[in-house]
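Student: For reference, the structure I am asking about is given below.
The numbers here are math on the coordinates, done by the rules we state, and not lab data. Model, not experiment: these values are computed from the prediction. Heads up, the Cβs are rebuilt from the backbone with ideal geometry, glycines too, and the neighbour counts pull from every protein chain shown.
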Amino acid sequence: MLKSTGLIIDVAANGQEAVDRAFNTDYDLILMDIQMPVMDGYEATSRIRSHEKTKNLPIIAMTAHATYFVKKQCLDVGMNDYISKPIDYNVLVTTLNRWIKSTCHLEPESESEASMPEKAVIPRVREDIFSSLSLFILPGVDVKEGLARVGGNGSLYMELWVEFSKNYALTTEKITRFLEVGDIEGAKQLVHTVKGVAGNLSAVDIKVAAEHLEIALCKDVHSCHSPLQQLHSAIAAATDVINDWQNDLKKDSDAQQTPQAAQAPEALTMDSPSQISLMNQLTDYLKTNNPHAGKTFDSLKKNVRDPQFQTTLHQMEQHINNLDFDLALSLLGEMAGSMGIDHEKNKKMG
């Protein structure tokens, strides 16, 4: 999510590493997690504040416990502000803009924004991109809310899910191993991490299951079996869909990479069967708000090399990334018409 803002990001694995990096690197801002291994966020902030070089460095707390007491404690140890988890993209942007000093500003998107005293250094999510959001059906996930958390960037949201599937599909197996060797703290830390990541993705069932397991680990390790199974089922329900989606994409990609196209792509013409097929497929995906649209568009873009269509392709890409599928579909129809292709009927017009 942070990388999508264009900022340069460093990640510390624990509180002590955060302190060391702060002393040895020039940062514009630190996002400080409260609950970390080795050293928590409160202690890390106190140590950073004690150093002359970093005594005025903006430090923003990230906490899942946004109570008055926690917020007060964050400010008391020297943090400047706080962001509640799960993270909301617009809140994140507003907070970063408040504390990061930058001489590079993006142009405002509207007159109302131009009149604001603070110029945005990071683009805000548009409010109108969720009008036809029946895509990305994931069990136990509030997809609309999840997309809002990443600024409406559908491609980024799916990338985050692919990363989640890769990194956390075996979470319950790892927790079981921690418990078998008596490493309760290791189990707690992993559950806490999964809970936070799930919250940012608006994976409601996974987050709730992780919360139940976290409570069980704090009370009685022997009562963990049921919440552990609940967490396993919630993770599997979502990651199975993501894995199927990835497999489907691979099949589509393999089917589109014909030997002729792979060996001599320059031989493709403006009305080639490959382009017509890709246009038909992309049309279907755009009409049904199917997440395969992005990958299919990438294949089409590689096949259309005429300079006159590059601006249109760029605009289509932006619309697809912003989930403006209706606008992308309209541009696709205009481009096909300019090519003399009735792509929905799979033939060249006479």
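Student: Report the label-to-label distance for K301 and N321 in nanometres (one decimal), using points 7 Å from each Cα along the Cα→Cβ vector.
Tutor: About 0.8 nm, to one decimal.
Student: Let me ask another. Got a sec? How would I59, I100 order by Cβ neighbour count within 10 Å, fewest to most?
Tutor: Ranking I59, I100 by Cβ neighbours within 10 Å, fewest first, gives I100, I59.
Student: Just order 210-217, 84-91 by mean Cβ neighbour count inside 10 Å, highest at the front, would you?
Tutor: 210-217, 84-91
Student: Search the structure for amide H atoms under 5 Å from the amide H of I59, placed 1.01 Å from N in the peptide plane, and list their residues when 5 or more places away or on another chain.
Tutor: It is I30, N80, D81, by chain and number.
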